[in-house]
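A short write-up of the structure that comes next.
The values are calculated or read from the model by the stated rules, or taken from the named source; none is laboratory data. Values in this document were obtained by computation on a predicted structure and should not be read as measured data. Counting neighbours? That spans all protein chains shown, and the Cβs are built from the backbone with ideal geometry, glycine included.
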Amino acid sequence: MAKKSSASFRPIKLKSVTSEEIRNRQWSEKEREAFRRIAERQAAGDDSGIDFSDIPPLTDEQLRGMVPLRDFLRKRKERLGR
């Protein structure tokens, strides 16, 4: 008899949803409360919960190669002839 695969190894079938379905979704009160807490932290500028310890510091070479975004966009615009 063939061994059945466990549910954790079965492929997940993705469900396609439209933006309209997302907008009209009925959120549970638990989900709404979680969104409120997130929105309050964002509005307060509270990023104390973010763990940056796994991000390596930039090297001197990387810092020397940085340019302001406006300069990058201007050069890109010139290259594209806009």
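Structural remarks
- Residues of the stretch 32-52 satisfying the condition of being small (G, A, S) and either surrounded by 10 or more Cβ atoms within 10 Å (Cβ to Cβ) or touching a helix residue (DSSP H, G or I) at 6+ places or on another chain (Cβ under 8 Å) (or both): A34, A39, G49
- Qualifying positions in the stretch 47-82 - small (G, A, S) and over 30 Å from R37 (Cα atoms): G65, G81
- Residue match in the stretch 55-65 (condition: among the β-branched types (V, I, T) and modelled with pLDDT under 90): no
- Flag for I50 being of a type in the set (A, V, I, L, M, F, W, C), modelled with pLDDT of 85 or more and part of a loop (DSSP other than H, G, I, E, B): no
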